[in-house]
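Asker: Handing you this structure, nothing more for now.
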Amino acid sequence: MSDDEPFYINDYIEIPDLFRSFETGKPISHCVDCGMPLLEEGPSYLIQKAYRKNEVLVEYAQCFNCYEELIESYSKQTMNKIWDFFLDSCDFESRKQKLLKEAPRDFGPWIENCLTCGKGKDEVASYTLVGQCEGPHLLFYYMPYMICEECQIRMQDLMSTKSRDIWDRWYEEHIGTPPVMEKDYTPGKVVLV
């Protein structure tokens, strides 16, 4: 493919139940940040769902424009450390090729182990699922993936105080403290990515 050709992903499925709203059973329809409708063809967005075992703690969708605005507000040092953490832990291209070959259009193998440490969902207390979507579809590219709470805490520890404060403010403004976490919630404890 030349640089002049448009980039597209043709490996996708309808958004599966695990990435839908646990309250309605329907796809999450709007960006948590700007309110943009997401289910029409066109906008790319992320869905993030945090679980404690099988209980949903947090779920939201965020368009890529808002996601990029948020991560661009973090310090350069923070972003470099987080990207290094990911790149040191995972060969994204090899993972993508392997999973597309072995499990085309089956998201299960993509999310059964932590992307960065390899622990299975049944081995960890909490984890977050991350998927890239476009319209009503879950795309298979470098996502979907699962990241365990322990690795999220390791990522949080890489953040500068300024970046952590930005994240905490964004989270409180757009998500709030989930009722299930109010007793043991500590701002910045988990960084949804």
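Asker: Which numbered condition in (1) closer than 27 Å to residue 162 by Cα; (2) buried (at least 18 other Cβ atoms within 10 Å of the Cβ); (3) free of Cβ contacts under 8 Å to residues at least 40 places away in the same chain; (4) in contact with a Leu (Cβ under 8 Å, 6 or more places away or on another chain) is the only one that residue 66 fails?
Answerer: (4)
Asker: When region 90-139 is examined, which residues are found to be of a type in the set (S, T, N, Q) and within 16 Å of the chain's Cα centre (by Cα)? Don't jump to the end; show me each part of the working.
Answerer: Step one: of region 90-139, the residues of a type in the set (S, T, N, Q) are 94, 97, 113, 116, 126, 128, 132.
Correct list: 113, 116, 126, 128, 132.
Asker: Being under 20 Å from residue 44 (Cβ atoms) and surrounded by fewer than 16 Cβ atoms within 10 Å (Cβ to Cβ): is that true of residue 72 here?
Answerer: Answer is yes for this residue.
Asker: Only residues that are touching a strand residue (DSSP E or B) at 6+ places or on another chain (Cβ under 6 Å) and closer than 23 Å to residue 69 by Cβ: list them for region 139-166, please.
Answerer: Of everything in region 139-166, those that are touching a strand residue (DSSP E or B) at 6+ places or on another chain (Cβ under 6 Å) and closer than 23 Å to residue 69 by Cβ turn out to be 139, 143, 144, 145, 147.
Asker: Scan region 35-51 residue by residue and report those that are touching a residue at least 24 places away in the same chain (Cβ under 8 Å) and under 17 Å from residue 176 (Cβ atoms).
Answerer: Scanning region 35-51 gives 48, 49, 50.
Asker: Continuing with this model, one more query. Would you check which residues across region 140-193 are assigned to a loop (DSSP other than H, G, I, E, B), at pLDDT 85 or above and either within 14 Å of the chain's Cα centre (by Cα) or surrounded by 17 or more Cβ atoms within 10 Å (Cβ to Cβ) (or both) and list them?
Answerer: 140, 141, 142, 143, 144, 159
Asker: Looking at 28, 13, 82, 47, can you tell me which residue is surrounded by 12 or more Cβ atoms within 10 Å (Cβ to Cβ), touching a Gly at 6+ places or on another chain (Cβ under 9 Å) and β-branched (Val, Ile, Thr)?
Answerer: 47
Asker: Within region 111-138, track down each residue that is out of contact with any Cys (no Cβ under 6 Å at 6 or more places or on another chain), surrounded by fewer than 18 Cβ atoms within 10 Å (Cβ to Cβ) and hydrophobic (A, V, I, L, M, F, W, C).
Answerer: 125
The values are calculated or read from the model by the stated rules, or taken from the named source; none is laboratory data. Since we're looking at a predicted model, the values are computed, not measured. Backbone-built Cβ (ideal geometry, glycine too); neighbour counts: all protein chains shown.
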